[in-house]
Amino acid sequence: MRALSPVRTSSWTAWPRRRMRQWFDVRRTQPMASTLPLSGVVITRNEADRIGRCLASLAPVCRELRVLDSGSDDETVAIARAAGAVVEHQDWLGFAAQKTLATSRASQPWVLLLDADEWLDAQSQERIAGLFASGQIESRDVWCLPRRTWFLGKPLRFGSWAHEYVHRLSRPDLRYLPVLVHEGPDLTGKRVGHCEARIEHETARSLDEYRAKLAGYARLWAQQRREAGRRAGRMSAAVHAAAYWLKHYVIRGGFLDGRTGWQFHACHTRYVYDKYDLLRRTPSA
């Protein structure tokens, strides 16, 4: 299987459309026998610069590609269809409900859910194939995979996201807990295993975009906590932000990632401050 080059989102939009179609046509001519009883599922909205890479990394192992789009007005849908994906529209339901719906529509007995800014390299494809070939896949209901985050073109090796695991390989009946942000699956009664098929994750197109994304997450987090009856004191924002910085940038070595580590943890320290500050200032419903 062909290895995919890391963190080259701009190349997707720079390629002529004809070359992109030819590349996907080659992928579709691979023998179906080489794929697994696995649906690759992605939820999207305006992801034209990276959905191609994501789907191309799923194609060698997935018998089906599915995209649930919530109203893209760029080339996302066209690129996904060119990649051979089944594309459906669903108005935005929220992160958890959107992912639950997307996985439930899979036709295969197993689902690999990726975000559009994620992809698999060749080694991870081989490890997933090995899990199926050995029959070990059937011993669990959900598989937890490591995820490596790239920030502004460089991998994060230390700090808060250095050793992250996500539950992404599962049966189609997996449901996501109904929260506004930072959704996770309901693992009640599920047999959970670990597979070292690493997901690559490019979390930011630019520093400004990432700050805006975190600001949106902070608002959703504060709303969710407020609706649950939670409150924050005057010093909560400063205390939690300082604790985050000390734990992840200093103790867990985020500073060892140099300028990238500084920028990433500065963004997240501000995010922690903002969400508690918003919780304190948001009026009760």
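Per-structure values
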| read-out | value |
| --- | --- |
| Sequence-distant residues sharing a close amide H with Lys154 (under 5 Å, placed H) | none |
| Candidate lysines - alpha carbon under 26 Å from Lys154, same-chain residues fewer than 8 apart omitted | Lys213, Lys247 |
| Net lengthening on full extension, Ile251/Ser206 (0.36 nm per residue, minus Cα-Cα) | 13.5 nm |
| Span-like helix ranges in the chain, DSSP H, alpha carbon extent 15 angstrom or more, Kyte mean at least -0.5 | 122-133 |
| Taking the chain and dividing mean pair separation by its residue count, relative contact order in percent (alpha carbons under 8 Å, at least six apart) | 17 percent |
| Cys62, Cys144 arranged by Cβ crowding within 10 Å, fewest neighbours leading | Cys144, Cys62 |
| Intensity falloff of the chain expressed as log10 I(q)/I(0), Debye formula with alpha-carbon point scatterers, at q = 0.07, 0.09, 0.13 Å⁻¹ | -0.28, -0.46, -0.96 |
| Local net charge near Leu174, Cβ-Cβ under 14 Å (Lys/Arg +1, Asp/Glu -1) | +4 |
| Value of Rg/Rh across the stretch 207-281 [Cα atoms, Kirkwood radius] | 1.02 |
| Amide H contacts of Val166 (H built 1.01 Å from N, under 5 Å, at least 5 apart or other chain) | Leu145, Arg147 |
| The stretch 132-171: projected area of the alpha-carbon convex hull, averaged over directions, in nm² | 4.0 nm² |
| Rounded to 5, the percent of DSSP beta bridges in the chain classed as antiparallel | 40 percent |
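FYI, it's all coordinate maths here, none of it is from the lab. Computed from a prediction, not measured in an experiment: that's the story for all the values here. Backbone-built Cβ (ideal geometry, glycine too); neighbour counts: all protein chains shown.
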